[in-house]
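Only one structure is covered here, and it is reproduced in the block below.
Where a number appears in this text, it was derived from the coordinates with a stated rule and is not lab data. Note that the structure is a prediction, hence the values are computed from the model and not measured. A quick note on method: Cβ atoms are made from the backbone with ideal geometry, for glycine too, and the neighbour counts reach across all protein chains shown.
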Amino acid sequence: MKNRVLLPRQGQFYKANLHCHTIHSDGHWTPEQVKEEYQKRGYSIVAFTDHRHYGWHPQLMDDTFIPLAGFEADMNDWFKKEGDFKHVKCYHLLLWDKDPAQHQGYTAQQPARRYGDLHSLNEYLETMQQQGFLTCYNHPYWSLQTYNDYAHLAHLNAMEIYNHGCEHDGLYGYAPQAYDEMLRSGLHLGCIATDDNHNTYPTDHPLCDSFGGWVMLKLDTLSYPAVIEALEKGNYYASTGPELYELYIEDDALHVRCSDVKKIYVMTDSRNCYYRHAMPGETVNEAVFPLKGDEGYIRVDCEDEYRRHAYSNAYFLNTL
Ligand SMILES: [Zn+2]
Ligand SMILES: [Zn+2]
């Protein structure tokens, strides 16, 4: 097995919320408020992904903040459950614009066909990528979706392994099982944690849906193209709390270094997991796991004492 650095060593981590609503759809903050509140808490990047509304806010861009342009598309299964949205399955998809200069005057493009036509949905995703967007599949649990709805999607850059708004809504936030199922059906995609914030409640309220799920992107410099490049290459990890510092393969072993946590797990394409646990009252912040080479993919999940997680992307060993 080749020695390989999985999270780049060079550069610096920048904090990002890649799923955000504003007054341009059903959110309650203006884009300016979003920037102010997120910057106060150490964020450098927010993707503006209002429902069916392409949000590009270049006035927010400066040396310390990158507003990503994008929107959230949807497709609802009205055919089966007409008029009763609480039972309606849906696809929600994030589209992040790689280069807003190419899309002046753009109007958000929705998937055209009926729910269940997976072929046309995959064509939509492919077309969006060809038109210069990165794609992400959102909150399967909240969407009432199961294996057949998401396992054979294609042309996705990422999926939401955690969505903070959905966690408040019904403990629907975590989706590690869906991520593994997508990986095991052959999809190669990253995983992100997001807020999906609508800001119905103030920031000091327990139901505030901001600042609970984020992505740490490793960048040489903070710029729009650098953020897009890191998202495309998978140079990031997702978190609801813990930090991931280093991830590399050396001498046929996976090395993990993280903030103080209770558990470090390595998930693979099978029931074959690796793990290191802290003793009661103690924490761990590093681990070395010998690899056999038959793991298929590896992805790291660090859990802290509050059961918050840091999730690495999945790395397929045959492509390393
Ligand atoms: Zn959504
Ligand atoms: Zn949303």
Subset of segment 254-272 [under 14 Å from Arg184 (Cα atoms) and surrounded by fewer than 19 Cβ atoms within 10 Å (Cβ to Cβ)]: Asp269, Ser270, Arg271, Asn272
Matching residues in segment 145-169 - criterion: being in contact (Cβ under 8 Å) with a residue 60 or more places away in the chain and farther than 28 Å from Phe211 by Cα: Asp149
Unique match (being over 15 Å from the mean Cα position of the chain (by Cα) and without any contact (Cβ under 8 Å) to a residue 12 or more places away in the chain) among Asp209, Asp269, Asp204, Asp251: Asp204
Qualifying positions in segment 237-265 - in contact with a Ser or Thr (Cβ under 9 Å, 6 or more places away or on another chain) and part of a strand (DSSP E or B): Tyr237, Ala238, Leu244, Tyr245, Leu247, Val256, Ser259, Asp260, Val261
Whichever residue in segment 110-122 is within 16 Å of ligand 1 (Cβ to nearest atom) and surrounded by 14 or more Cβ atoms within 10 Å (Cβ to Cβ) and, among such residues, is farthest from Pro100 (Cα to Cα): Tyr115
Number of the condition not met by Met279 [criteria: (1) part of a loop (DSSP other than H, G, I, E, B); (2) surrounded by 12 or more Cβ atoms within 10 Å (Cβ to Cβ); (3) among the hydrophobic types (A, V, I, L, M, F, W, C)]: (2)
Single residue of segment 170-193 satisfying the filter (closer than 13 Å to Pro140 by Cβ and of a type in the set (Ser, Thr, Tyr)) that is farthest from ligand 2 (Cβ to nearest atom): Tyr179
Matching entry among Ile45, Ile23 (being of a type in the set (Val, Ile, Thr) and part of a strand (DSSP E or B)): Ile45
Qualifying position, being in contact with a strand residue (DSSP E or B) (Cβ under 6 Å, 6 or more places away or on another chain), farther than 23 Å from Cys191 by Cβ and surrounded by 14 or more Cβ atoms within 10 Å (Cβ to Cβ), among Leu125, Leu60: Leu60
